[in-house]
Every structure is written in C-alpha cells, then in structure tokens.
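S.K.: First, the structure itself, so that you have it in front of you.
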Amino acid sequence: MSGEVSRLVDANLNRASEGLRVLEDVARFAGNDATLSRELRRTRHALAELVVGAGVRLLSARDSVSDVGRESGLRVGGERDLLSVIRANAKRVQESLRVLEEVARLSQSEVEMDVAVAERLRYGMYDIEKRLCGRVLRVNRATRVSGLYVVIDRQAAGDRSLADLARASIDGGAAVIQLRDKTSERGQVYRAAVELSVLCRERGALFVMNDYCDVAAAVGADGLHIGQNDMPLEAVRKVVPIDCVVGISCETVDDVRCAVAGGADYVAVGAVFPTRQKADHVLAGMDVLRHARRLTGLVPLVAIGGIDLRNVASVVRAGADSVAVIGAVILQPDVTRAAADMVAAIDEAVKEREHHDQESAG
C-alpha cells in the first residue's frame, strides 16, 4: 500500500486546514473575537506540525486529478447562513482529525504522527465549534441593543403592572426591555420574567434579565445584565444558553477594558449623570463614556444613569449606541408618549452624529 496512506493523510490535512482557515476568518471578521481567532490559528499551526518532515512525501503522493472522490456528485441544497458554514467546516475539521488519528494508530505507517496530539486537537474543535456558534449568534442578537433601552424596575414601578409598563414602552418604540427586581422573592421574579419574555417576543423587543442568570436561562431570555459585583462572565456563560447576550455595567475605563477583553456582548457605562433610582451609584460621567466608545469597537455601548430628554442627545453624540432609562419613561404619566419622545430624540441625535462623522471624515 505504498503511497496510499500518504495520499489519505495529505487529503485530510488539506481538508482540515481549509476548514480551520474558514473558521478563523469567521471568528475574526464575523465574530469579532480575537481570542477564538488566535486559538484557531494555533490549531492550524499545530495541525501542520503533526507531519513535520513528511512534506515532500505527502506532496509526491498527491494525485488530485485521478482522485475518485473529486467529483462526488453531492451538492449542498437550500440557503445557507453563517451558522451552517461554521458547523459544516467544524465537522469537516473534526472528521479529518479523526481519520488522521486512525492512520496514526496503524502498526506500520509511512507517515509518523502523534495520536495524542491529533486527539487533543479534535476534542478542542468540539469546544471551539460551540463557542464560535454562540459568539456569532450573540453578535447578531447584540445588534438589536440600540436606541431606547427601558429598565422595568420593580421598586420604581410601585403598584403598577410591570407588563403594562413594558407594553407601553415597546409601543413607544423601546427596542430593549430589562426586568430589574432586587426586592421580590425569586418565584415572583421568575413569573414576571416569563410574562415579560413572552410579551417582548410577541412584540419584537429584546428581553434582558438583570442579575439572575438562573431566571434568564429558565425563561429563555434574550440577554442577561450583570454588574461588577455579580457572578463573573466566565461563570455566567456556563449557566445561560450560548446565544444569550450578556451585558456588563462599567463605572471606570478599566471596567470597560476588562469587559471587552472578557467577551461582553455589550457594555453599559454609568451612571453618566446623577440618578435617584440607584442610591449607591458611582458617577462615571461623560468622560468615561467617551473613552469607552474608543475601547468598545463593534461591541454595543449603552449609556445609563440619570438620562432624560434634556441630556439624551449629549450621550448619543458621545458615542452611545443605546440609552437605558428608568424614570424618564416608566415614571411618566404617559409611558408610551415618554418612550416615543425619547426615541425621537435619540434618532435625531444619531443623525447629527453621523453627519458630524461624515464631515470629519471628508
């Protein structure tokens, strides 16, 4: 069987390397994930090192022209999305690595390979596939963190229906609804989360749960918002589904830097202005918000704390993609009107910012 094993190894190395390159570029350009991109690059290099010294033998054995599997007759039907591209190429790499493992176990092989390395790379790819799929799903979902972000705070709401407040906010144009309840029993929080989750899904708004990752996972929330003193992001990821967007509150520039490096799906900076809704708030101010814009890149930036119609334009001009409010909407006599007025002010400020950016670029 002289040459046949070398052809088999060469074909599977090529197949795996091509798949890894596709995944690396998806991680880099679509996932905006430097960590995953580096891991995939390292995997690609480790794959090449599996057969160091056998390059000439493998090239000599290559015969793609007469390969009976060159034209399989199989064609991929239907529309493909980015997720299907990830999964197809991950499977391509995993299957090729499995073939290389089996060849490496042959008692007499013309190509020497380390079985343990091939096995380690294959198991690593199972984890990378999961993480990359999750990253792309979250990046896509996080694009909806824009415009008006209304926090339905149980304590601020008093006796009013949380669902009615959320419904009125969405009717006024809110893109994101967050449930924040620091006082109720967990069962009551869960029931409210179920109701708001269904409501948001029906009306096309993003539903975010504050703090409680178990509740977020149980109700299938679109996202979870955590603070600096809550569970760390790495631990939260083990609880919520891979497509659950996780945002982090940041008070300082260092907080923002750590959140972005850690893989936060959006960053919330505040309090930008003094607020009565959170007695223990730290005043981050506009300077931190402006600096955060330079650090976050494509990660959505949310401004929070003391924002109302009088100052909303300034935070948008400073770079905020989304504006989170409590009192400016849910404490107003006409919640729908208050939300609509905020949306109009945000939209106008976005236009002004884009016009200014175009003039600066020109």
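S.K.: Kindly indicate which of 188, 277, 178 is of a type in the set (S, T, N, Q) and at pLDDT below 95.
M.R.: 277
S.K.: Just to be sure before I move on: is residue 126 in contact (Cβ under 8 Å) with a residue 12 or more places away in the chain and surrounded by fewer than 18 Cβ atoms within 10 Å (Cβ to Cβ) in the structure I sent?
M.R.: yes
S.K.: Which residues, counting only those in the range 318-362, are farther than 19 Å from residue 145 by Cβ, among the small types (Gly, Ala, Ser) and buried (at least 17 other Cβ atoms within 10 Å of the Cβ)?
M.R.: 327, 338, 340 - these are the residues of the range 318-362 that are farther than 19 Å from residue 145 by Cβ, among the small types (Gly, Ala, Ser) and buried (at least 17 other Cβ atoms within 10 Å of the Cβ).
S.K.: Considering the range 307-342 alone, what residues qualify as being hydrophobic (A, V, I, L, M, F, W, C) and part of a helix (DSSP H, G or I)?
M.R.: Hits for the range 307-342 are 312, 313, 315, 316, 328, 329, 330, 335, 338, 339, 340, 342.
S.K.: Here is a list: 131, 135. Which entry is surrounded by 22 or more Cβ atoms within 10 Å (Cβ to Cβ), part of a helix (DSSP H, G or I), basic (Lys, Arg) and touching a residue at least 24 places away in the same chain (Cβ under 8 Å)?
M.R.: Only one candidate passes the filter, namely 135.
S.K.: For the range 213-227, name all the residues that are crowded, with 23+ Cβ neighbours inside 10 Å and assigned to a loop (DSSP other than H, G, I, E, B).
M.R.: The answer is 221, 222.
S.K.: Further, regarding this structure: I need a count of the residues in the range 173-188 that are more than 15 Å from residue 222 (Cα to Cα) and surrounded by fewer than 22 Cβ atoms within 10 Å (Cβ to Cβ).
M.R.: Looking only at that region, the number is 8.
S.K.: Quick one: which helices (runs of 4 or more DSSP H) lie wholly within the range 1-81 and hold at least 3 residues that are among the charged types (D, E, K, R) and either modelled with pLDDT of 90 or more or under 30 Å from residue 140 (Cβ atoms) (or both)?
M.R.: Once the helices (runs of 4 or more DSSP H) in the range 1-81 are filtered for at least 3 residues that are among the charged types (D, E, K, R) and either modelled with pLDDT of 90 or more or under 30 Å from residue 140 (Cβ atoms) (or both), what remains is 4-25, 34-49.
S.K.: Take residue 313 and tell me if it is buried (at least 18 other Cβ atoms within 10 Å of the Cβ) and of a type in the set (Gly, Ala, Ser).
M.R.: It is false that residue 313 is buried (at least 18 other Cβ atoms within 10 Å of the Cβ) and of a type in the set (Gly, Ala, Ser).
The values are calculated or read from the model by the stated rules, or taken from the named source; none is laboratory data. As the structure is a prediction and not an experimental result, all values here were calculated from the model. Methodologically, a virtual Cβ is constructed for each residue, glycine included, from the backbone with ideal geometry; neighbour enumeration extends over all protein chains shown.
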